[in-house]
Protein chains: 2
Amino acid sequence: SIRNLAMEKIANNMVFPPYSCPCPGASCKWQGSLSDVMGHLMKAHKSITTLQGEDIVFLATDINLPGAVDWVMMQSCFGAYFMLVLEKQDKFDHGQQMFYAVVQLIGAKKDAENFIYRLELSNNRRRLCWEATPRSIHEGVAQAISQSDCLSFDTNHAQLFAENGNLGINVTIQHVNQM
Amino acid sequence: SIRNLAMEKIANNMVFPPYSCPCPGASCKWQGSLSDVMGHLMKAHKSITTLQGEDIVFLATDINLPGAVDWVMMQSCFGAYFMLVLEKQDKFDHGQQMFYAVVQLIGAKKDAENFIYRLELSNNRRRLCWEATPRSIHEGVAQAISQSDCLSFDTNHAQLFAENGNLGINVTIQHVNQM
Ligand SMILES: [Zn+2]
Ligand SMILES: [Zn+2]
Ligand SMILES: [Zn+2]
Ligand SMILES: [Zn+2]
């Protein structure tokens, strides 16, 4: 019956919740299954660079651009894909801006718990670093950013580490034994 | 002559600039020579705790106290004294507060350059750390704080790492070869 079909559809949705496009900002409305996320990114977001390796540099260019800006790239290691996001927000009055950097696994939350990511800014004699469990793209990064559960720093900090308006963030992914 | 005495006094002041009390906040007006700073602190600021060792925990209690608050302690290692400062400021509107943590050497700038300090907040699976050259008390910490040239984090970050309203900051001092 129609009723049974509707119920079956709901049950399927609960077992296989649709994933949204993990790109920050709400401009892309794509939704689909986890196994289709990478295909979507490669087809609809061709401009996103992917680097291979556990230890890479995420180079955000022109960090002094005015307004809210997102920088995005992909890192591939341990047979998995991670999306690195740097977001700049006009957070406060007085022209103060905040940067938020966070990593999300293209995968489920239980898989994300097998990894730790480390973000590091450094120059001559200063170093700022943040380590945490990656988010799953099922959770997304918006909540992590709004709760500062990520690397967060202000414009002054960014200037300490930037060169010619570009900011290099060292990203290291580690595989950890499940706790 | 009186004139010569006056000129000699000015010359002495330029060779041995007076140091101000390194306690944060402007309440103590003490000034004197570098060799008298520790004596002043021990006599006039008896409540400041000193811990011995290169690797200690700076425990800031009641970080949820309203308003601007400073937490101060001393760390003694490598035959030197370091003052650890955690400052909370009502930085922005909307009730947002920022924390700033920084280390200053009871010593001159050229001596401070022989050290690196590392501040680390950590819990189960998150870690935030900052490494830099200590300030000299001749420079003070106010400028480092206003320029975010220190460990800075917001109230959300503090809550991630606090336990029962207390925040433990791991402080490690390293002696480095002069560059
Ligand atoms: Zn998309
Ligand atoms: Zn670290
Ligand atoms: Zn004093
Ligand atoms: Zn570090």
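The values are calculated or read from the model by the stated rules, or taken from the named source; none is laboratory data. Bear in mind that the values here come from a model prediction, so they are computed numbers and not experimental data. Here Cβ is always computed from backbone atoms with ideal geometry, including for glycine, and neighbour counts include all displayed protein chains. Quick note on the areas: whole protein, heavy atoms, side chains included, nothing else; ligands and nucleic acids left out. Shrake-Rupley method; radii C 1.70, N 1.55, O 1.52, S 1.80 Å.
Quick notes on this structure:
- Filtered residue count, segment A:98-139, keeping only those that are more than 16 Å from ligand 2 (Cβ to nearest atom), crowded, with 21+ Cβ neighbours inside 10 Å and under 21 Å from B:Met98 (Cβ atoms): 2
- Selection from segment B:48-78 of residues that are touching a residue at least 40 places away in the same chain (Cβ under 8 Å) and either among the β-branched types (Val, Ile, Thr) or closer than 19 Å to B:Cys129 by Cβ (or both): B:Glu54, B:Asp55, B:Ile56, B:Val57, B:Phe58, B:Leu59, B:Ala60, B:Thr61, B:Ile63, B:Val72, B:Gln75, B:Cys77
- Scanning segment B:35-50 for residues that are open to solvent by 40 Å² or more (accessible area, probe 1.4 Å) and under 14 Å from the mean Cα position of the chain (by Cα) yields B:Thr49, B:Thr50.
- Residues that are of a type outside the set (Lys, Arg) and either open to solvent by 60 Å² or more (accessible area, probe 1.4 Å) or in contact with a Gly (Cβ under 8 Å, 6 or more places away or on another chain) (or both) within segment B:77-97 comprise B:Cys77, B:Phe78, B:Gly79, B:Ala80, B:Tyr81, B:Asp90, B:Asp93, B:His94, B:Gly95, listed in sequence order.
- Among the numbered conditions (1) within 14 Å of chain A (Cβ to nearest Cβ); (2) not in a loop (DSSP other than H, G, I, E, B), the only one that B:Lys91 does not meet is (2).
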